[in-house]
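Structure first, then comments.
The values are calculated or read from the model by the stated rules, or taken from the named source; none is laboratory data. Quick caveat: nothing in here was measured; it's all calculated off a predicted structure. Methodologically, a virtual Cβ is constructed for each residue, glycine included, from the backbone with ideal geometry; neighbour enumeration extends over all protein chains shown.
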Amino acid sequence: MAAIGLGAFGIALSAGPTAAQRAVTPFASLSLAEHRVDVGYGVERSRGAILGGGARVRLGARVELALRVQGGWLNAATPGAVDRDVGEVGLEAGVRAAPWLTFRAGAQRRAYSSVIARQGWTLVDVGAEVRFAFARGTITGVTRAAVVPVVSVSGLPRPDVAVTAATGLQIRRRGATLGALYSLERYDFPAQGAISRREQLAAVTLRLDVGLGRR
Amino acid sequence: MKRLVLVLALTGGVVPRLAAQGSTQDLLQQASAFYERLDVERALPLLRQVVSPSWPFEVTAAQRVAAYKYLGACLALVGKGDSATLYFRAAIERDPFADLDAAVFTPAQLRLFGEARRLTFAVAVRPVASARIDPRTDRLTFTVVTTHAGLVDLELRPVSSDSALRLFRGVSDGPRDVAWDGLLADRHLAPAGRYELRITGSSQLSRRADSAVIYFEIRHEVAPLEDTLPDLTARDLVPEQFSRSAATRDLLRGLVVAGTALLISNGLASRHLGGSLKPGAAVLAGAAVVTGAVAFAGDRRHPDIPGNIVANAQRRAERAGQNAAIKARNSAKTAATVLLVTPAAGIGP
């Protein structure tokens, strides 16, 4: 599920310059997500769709804030996996250091809910985003990487490895920006006894940003 | 008396110029006073002293002309017409503008003076006084004179040019005012510089001819002109075409995105869990490669950047408009140029 958040964020934060210059930019996203987890009984996979929405607000020429809410479901794709619903709310801030480089930090609260349990995740990530516009300016490539120094999962210790990365393309047209992004989150938890827990969440996200207000 | 003055001059060293003029002027005033009282016998010696080569003090041209006039007037009063005419001619030769006031002098004197003018042919131009001339509304007036009827040619030319503007050509008798509008023969405003005004004349009563020249300076008084905007440089314009390197960079960008997607799905993913949504990453990578390739091909085959071409055209048009406005304002300022005329000495450029 973190990958879904990453995907949504990745696109939101790398929206084209035209949209980024607008004061308020609402967005909507649709993600195809796959969650993989191994808690010692083999890899359990579940897939599903996540719908999201939110808005970005520019504060001056360099600073941007984004609020995102999304939710969906992940259906079990392997034996042993269980269906679950997912919901997430996140807040992110970005500071543009150069036209092609933005430093970002974000915090998310995520919840997985199934018939047998409910699990809460609190994440804080810090990273950077690189943008490289193609010559004609309509299409922009976006790549983002971040570490997640704060990961708090109910019932689990802090993971040893917590990283996220995403990359994709955006096309901008008349103030609207459509993006496609592949993202992945990886969390390797320390072994408890002989069992080590690994989780991975990947998503392919389509996202539409529509600029509002004045440039 | 002359000896006394001479002794004083020699013993006193250099006699101050103003004092010398004062002495000549004093003598003329005394002579005039005697003349006014018809005491011609006492006026004549004084006047002769002034025009005498032995007169030690400075005599201005005007004083000498005045002395000759009074000498002629005195001699006319005592019936020495020929001598009077001779002195009148001397006055006229030195100053063709010389004249007798009909309210002051007798008809006989006036007649003899007129005879002197007929016997003498001279032309002259009155020196130009300092003036500020707006060519749109004002004219610079030159006053010329002939002592009697003659064919006169009045020409103006910059001393640096052989091209002359003829201001007047025709028969003239006596003083004449000739107006000049400040334009030269090409109908352009006279440029700043030094000018020569030459009058030549030939008598219609005799075969005599004469000429005179004056010089004056012209300066332009014009509001400061604005500089037009400099030509646009490459720094001021945006590229109108994609370079070959830009096309290559587009291809590389696509490859970078594709490579990054594959790297994330394979390299970053946990080996234990395996890659997630690899087909999605592959599709995205493929899209990135296609995007880069299409961009590369587009940049190479259609290198023009329409938006930049339009933007540059707008900048050029904007600059041209600003320059046109500047030129219009400058033209208006130039059209309002005022000529500052000052007399000048000398005989050459």
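Values for this structure:
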quantity	calculated
Sole exception among (1) at the interface with chain A (Cβ under 9 Å from one of its Cβ atoms); (2) of a type outside the set (A, V, I, L, M, F, W, C); (3) in contact with a helix residue (DSSP H, G or I) (Cβ under 7 Å, 6 or more places away or on another chain) for B:Arg300, by number	(1)
B:Thr233 being in a loop (DSSP other than H, G, I, E, B), free of Cβ contacts under 8 Å to residues at least 12 places away in the same chain and either within 14 Å of another protein chain (Cβ to nearest Cβ) or β-branched (Val, Ile, Thr) (or both)	yes
Test for B:Phe113: is it in contact with a Lys or Arg (Cβ under 9 Å, 6 or more places away or on another chain) and not assigned by TED's automatic domain parsing to the domain that holds B:Arg219	yes
Cβ pairs under 7 Å, 6+ apart, first in segment B:241-268 and facing chain A (nearest Cβ under 9 Å), second charged (D, E, K, R) and not in a helix (DSSP H, G or I)	B:Leu268/A:Arg186
Selection status of A:Gly106, of a type in the set (Gly, Ala, Ser), in a strand (DSSP E or B), within 24 Å of B:Ser265 (Cβ to Cβ) and within 13 Å of chain B (Cβ to nearest Cβ)	no
Single unsatisfied condition, B:Lys327 versus (1) touching a residue at least 40 places away in the same chain (Cβ under 8 Å); (2) over 22 Å from A:Ala165 (Cα atoms); (3) within 11 Å of another protein chain (Cβ to nearest Cβ)	(3)
A:Leu51, sole failed condition from (1) assigned to a strand (DSSP E or B); (2) free of Cβ contacts under 8 Å to residues at least 24 places away in the same chain; (3) under 27 Å from A:Ile195 (Cα atoms)	(3)
Qualifying residue in segment B:138-146 (condition: surrounded by 16 or more Cβ atoms within 10 Å (Cβ to Cβ) and over 26 Å from the mean Cα position of the chain (by Cα))	yes
Filter result for the condition that a residue is in contact with a helix residue (DSSP H, G or I) (Cβ under 9 Å, 6 or more places away or on another chain), among the hydrophobic types (A, V, I, L, M, F, W, C) and more than 10 Å from every other protein chain (Cβ to nearest Cβ), over A:Leu212, A:Leu206, A:Leu201, A:Leu181	A:Leu206
Filter result (within 37 Å of the chain's Cα centre (by Cα) and in a helix (DSSP H, G or I)) within segment B:56-89	B:Ala61, B:Ala62, B:Gln63, B:Arg64, B:Val65, B:Ala66
Those residues of segment A:35-70 which are under 21 Å from A:Thr25 (Cβ atoms) and not aliphatic (A, V, I, L, M), in sequence order	A:Gly52, A:Gly53, A:Gly54, A:Arg56, A:Arg58, A:Gly60, A:Arg62, A:Glu64, A:Arg68, A:Gln70
Answer residue from segment B:214-254, given it is more than 30 Å from B:Ala335 (Cα to Cα) and among the hydrophobic types (A, V, I, L, M, F, W, C) and is surrounded by the fewest Cβ atoms within 10 Å (Cβ to Cβ) among those	B:Ala234
One residue from A:Arg158, A:Arg144, A:Arg174 being in contact (Cβ under 8 Å) with a residue 40 or more places away in the chain and either more than 9 Å from every other protein chain (Cβ to nearest Cβ) or buried (at least 18 other Cβ atoms within 10 Å of the Cβ) (or both)	A:Arg144
Top-ranked residue of segment B:283-297 - restricted to ones that are more than 9 Å from chain A (Cβ to nearest Cβ) and under 19 Å from B:Ser265 (Cβ atoms), ranked as farthest from the chain's Cα centre (by Cα)	B:Gly286
Those residues of segment B:148-195 which are among the polar types (S, T, N, Q) and over 30 Å from B:Arg111 (Cα atoms), in sequence order	B:Ser160, B:Ser161, B:Ser163
Residue check for A:Ser152: among the polar types (S, T, N, Q), surrounded by fewer than 24 Cβ atoms within 10 Å (Cβ to Cβ) and part of a strand (DSSP E or B)	yes
Scope segment B:51-98; condition within 17 Å of B:Leu38 (Cα to Cα) and free of Cβ contacts under 8 Å to residues at least 12 places away in the same chain; matching residues	B:Gly79, B:Lys80
Residue satisfying condition, being surrounded by fewer than 21 Cβ atoms within 10 Å (Cβ to Cβ) and among the aromatic types (Phe, Trp, Tyr), within set A:Phe134, A:Phe103	A:Phe103
